[in-house]
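As structure tokens, the structure follows; a few thoughts come after it.
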Amino acid sequence: MSDRSRKGPLDTSGIDRIIGYRLRRAQAYVFQEFKTHFDPLGLTPADYSTLVLIGDNPGRRPSELAEALGIQRANFVPLVAGLEAREWLERRKSTSDGRSFSLHLTELGQQVRQRADQVQARFEQKCIAELGGEVGRDELLNLLGRFRG
């Protein structure tokens, strides 16, 4: 019997208990769901996370924000440029160091963030329901938090 003629369900038992595999599958699912919810706003996960972080921390340097997001500075620069081109954020000269600049949401950026926060709240409720409620969410977040080091 050739390999192509095998029938029946695929045996995934060898990979189903691998943490990295399950995390990657969960991430792929969540990102696809995120895309479904956020495409009408034209936001990627990185865009939304950046808007939230800047909105919650106006006036911070890009290097601080990139580090908090786990994004290399070289990758953060085009992300910021894209949000700036959409007039959602602006760079301002730092008051403490004239050689650097700080990031701030524009009025339009604040409006986009508010709409996105509403979408995120609905998306979050869907995820919580799939985890069996807030207890499941809290357990998952606690476990994932252990990977931060």
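The values are calculated or read from the model by the stated rules, or taken from the named source; none is laboratory data. Since we're looking at a predicted model, the values are computed, not measured. Note: ideal-geometry Cβ built from the backbone for every residue, glycine included; neighbour counts use all protein chains shown.
A quick yes/no check of all residues on (1) touching a Cys at 6+ places or on another chain (Cβ under 6 Å); (2) of a type outside the set (A, V, I, L, M, F, W, C); (3) free of Cβ contacts under 8 Å to residues at least 12 places away in the same chain; (4) over 23 Å from Leu140 (Cα atoms):
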{"residue": "Ser13", "(1), (2), (3), (4)": "no, yes, yes, no"}
{"residue": "Val30", "(1), (2), (3), (4)": "no, no, no, no"}
{"residue": "Phe34", "(1), (2), (3), (4)": "no, no, no, no"}
{"residue": "Tyr48", "(1), (2), (3), (4)": "no, yes, no, no"}
{"residue": "Ile54", "(1), (2), (3), (4)": "no, no, no, yes"}
{"residue": "Pro58", "(1), (2), (3), (4)": "no, yes, no, yes"}
{"residue": "Leu65", "(1), (2), (3), (4)": "no, no, no, yes"}
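Screening the stretch 1-72 for helices (runs of 4 or more DSSP H) wholly inside it with 2 or more residues that are in contact with a helix residue (DSSP H, G or I) (Cβ under 6 Å, 6 or more places away or on another chain) and closer than 30 Å to Leu105 by Cβ returns the ranges 19-38, 45-56, 62-69. The residues in the stretch 127-138 that are assigned to a helix (DSSP H, G or I) and either in contact with a Lys or Arg (Cβ under 7 Å, 6 or more places away or on another chain) or surrounded by 13 or more Cβ atoms within 10 Å (Cβ to Cβ) (or both) can be counted, and the count is 5. When residues in the stretch 78-121 are screened for being at pLDDT 95 or above and either within 18 Å of the chain's Cα centre (by Cα) or part of a loop (DSSP other than H, G, I, E, B) (or both), 24 of them pass.
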